[in-house]
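One structure below.
The values are calculated or read from the model by the stated rules, or taken from the named source; none is laboratory data. The structure displayed is predicted, hence computed values, not measured ones. FYI the Cβ positions are ideal-geometry reconstructions off the backbone, even for glycines, and counts take in every protein chain you see.
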Amino acid sequence: MRTESTSVKIPVNSKFKSYFSALYRDVKRDKALYALLILPVLYFVLFHYKPMYGLQMAFQDYSLYKGIDGSKWVGFENFRMFFESPYFLRTLKNTVLISLYQLVFAFPAPIILAVLFNEVIGKRLKKAFQTACYIPHFVSAVIVTGLVTRFCATNGIVNVIASLFGAEKQNYLTMPEYFRGIYTFMTVWQNTGFDSIIYSAALMSVDTSLYEAASIDGANKWKRMVHVTFPSILPTIVTMFIIKLGNFLNVGADNIILLYQPVTYETADTISTYIYRVGLENSQYSLAAAVGLVNGIVGLILVYVSNYVSRRVTESSLW
Amino acid sequence: MIQSKAEKTFYVINNIFLLICAVVAVYPLIYVLSASLSDPTSVAMGSIRLLPKGLNLNSYKEVINYNDGAIWVAYANTFYYVIVGTAVSLILTIFTAYPLSKKRLRGGTIITFLVAFTMWFNAGMIPTYLNYRDFHLVDTRTSILLHGAIVSFYVFMMKTFFQSIPDSLEEAAKIDGAGDIYIMLHIYLPLSASCIITIILYYLVSRWNAYLWSSILLNTESKIPLQVLLKKLVVDANWNAETAGIDSVKDYNAETLVYATMVVSIVPMLILYPFLQKYFIKGVMIGAIKG
């Protein structure tokens, strides 16, 4: 037994030794390259990994004055508090629903747009349409939400249009039943044009002889779209879909924080906005960190699973 | 190519549909411009449709004089954060991507993983905030420069680009006695100009539009960037519109003030727009090759 364990230990030890002596040799040879990495590594350690070390506050009754090392350990108390609170189901439901809306409406929109761009005859006209549709991507969240607030107000443009159809004037942003719809429309407006670029790029690489062959065989416009255009961008669609699935829980906190108000919390409050309120407005640091940790771990699992699926389905993966 | 009647109809409908999309995309911006140039009462009544009503430039005068020139301070802050921040980001991104692009770098995979992992998992808002607090960086300009200083995705974009440059160039330079830094500065960076410009523009736009963390980290009025000031104005204008009497025109000025500030904050982006469009498309392509 004893001899066995030492005989295992020695190679490991010498492996380490040889690795470090090789590393030492390499560092000596490529001093400059390693020197370049000092600042970035320091940055990642101090501003990304040190906060991860700080995540242990999720298991503590964290106090600012005592810090991480002095605060009392409470085990899973914060997690229990969150799961038992009414906020758990509410924020989970809203997060999942808003993400589903994104997948159903915001995901296909750029694909359709790219296909339609592709059918425009005349390079200039196509370019003009594209230039206009990309612009919203460059408008900041504050301006977009500010505009949405204005447009949805009682004297805003949305009410003007709605009143043409006989609707009563109302402030749509204060009505919970409209919040998710408004938010979805806003993200579609902001991202559809820009997100279409990736599909346009895929469409450009489609072999035009395929279209010619199809039309010789008597396929009409619609049939060519279904049998030539669509299959050729399918790999891109699948890849993008998997990336979106991996980010399922990452509903942009900043847009919702700028858009929602207490009257619409019941449909607008997501996990990330809840973390923001609890942590930064109520200073319940431990609770917020615990909710953030749950969110982060579920997100990590989603990314891992979707990447695994991607490797199986499309043979392309993120790592 | 011979077109059937049905196909012609398709092209016409397609063009009309895309025209509507283009109008929907651009209309809100035109509305902002028109509202900023209109007289406050028509804006408050909501009677602006497309063109300005009762043309006046008072709101711009007010923007300039608002709160003893708070807008200038915010503008200057934004420029500082964007210019210095983008420079810091670019330098750090190159410093990360260049060594990692060398296959011979021992330990490179560990550092690559260290960088990549932050894309999939982060500590979350509160530990990140408290970390800034521990470093006494809350309410400092430095914190804004540091937050999101290296975006991992751009590191990989650049790393992929560096790797597409043939190794033989480096070997030849090495034979001539050039060092790594010299090779990076004089061979790799000039060859990667388009990738570098793309990444500069990505950082620049996100820093220009950044709101959330600027509002979390900064408290002092004199340090806040334009977006945070704009947010305050938007909230103020809402509050005024709800509480003020209909006949007090002065309070409604808050509304045109908001629009004028929006214009002021969008204009630099629109000036850069032709470049932005070109290089952002390029960025999507570089990213697509990898993915």
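Just name the residue that is nearest to the other protein chains (Cβ to nearest Cβ) out of those in segment B:198-216 that are under 23 Å from A:Asn282 (Cβ atoms) and surrounded by 22 or more Cβ atoms within 10 Å (Cβ to Cβ).
Among residues in segment B:198-216 that are under 23 Å from A:Asn282 (Cβ atoms) and surrounded by 22 or more Cβ atoms within 10 Å (Cβ to Cβ), the one nearest to the other protein chains (Cβ to nearest Cβ) is B:Tyr211.
Please identify the pairs in which a residue from segment A:263-287 that is on the phi < 0 side of the Ramachandran plot has its Cβ atom under 8 Å from the Cβ atom of a residue that is β-branched (Val, Ile, Thr) and not in a helix (DSSP H, G or I), counting only partners at least 6 apart or on another chain.
Short answer, once both residue conditions are applied: A:Thr270/A:Val251; A:Ile271/A:Val251; A:Ser272/A:Val251; A:Ser286/A:Val74.
Hey, among the residues in segment B:171-191 that are free of Cβ contacts under 8 Å to residues at least 12 places away in the same chain and within 24 Å of B:Ser152 (Cα to Cα), which one's farthest from the other protein chains (Cβ to nearest Cβ)?
Applying the filter and picking the extreme gives B:Pro190.
Here is a list of conditions, (1) assigned to a helix (DSSP H, G or I); (2) modelled with pLDDT of 85 or more, and A:Val8 meets all of them except one; can you say which number that is?
(2)
Out of everything in segment A:140-156 that is part of a loop (DSSP other than H, G, I, E, B) and of a type in the set (Ser, Thr, Tyr), what residue ends up being nearest to the chain's Cα centre (by Cα)?
That would be A:Ser140.
Take residues that are small (Gly, Ala, Ser) and over 22 Å from A:Thr236 (Cβ atoms) and tell me which of the helices (runs of 4 or more DSSP H) falling wholly in segment A:85-139 contain 2 or more.
Fully inside segment A:85-139 and qualifying: A:123-134.
Got a sec? Which of B:Ser164, B:Ser168, B:Ser194, B:Ser152 is within 14 Å of another protein chain (Cβ to nearest Cβ) and over 16 Å from A:Ala32 (Cβ atoms)?
B:Ser152
Just to be sure, is A:Asp269 within 10 Å of chain B (Cβ to nearest Cβ), among the acidic types (Asp, Glu) and either surrounded by fewer than 22 Cβ atoms within 10 Å (Cβ to Cβ) or under 20 Å from A:Thr145 (Cα atoms) (or both)?
Criteria not met by A:Asp269.
List the pairs whose first member sits in segment B:210-221 and is in contact (Cβ under 8 Å) with a residue 12 or more places away in the chain and farther than 11 Å from B:Tyr132 by Cα, whose second member is part of a loop (DSSP other than H, G, I, E, B) and of a type in the set (Ser, Thr, Tyr), and whose Cβ atoms are under 7 Å apart, counting only residues at least 6 apart or on separate chains?
Hits for this filter: B:Tyr211/A:Ser140.
Given the structure, is B:Lys159 basic (Lys, Arg), over 17 Å from the mean Cα position of the chain (by Cα), surrounded by 16 or more Cβ atoms within 10 Å (Cβ to Cβ) and in a helix (DSSP H, G or I)?
Answer is yes for this residue.
Out of curiosity, is B:Ala288 over 21 Å from B:Pro40 (Cβ atoms) and modelled with pLDDT under 75?
yes
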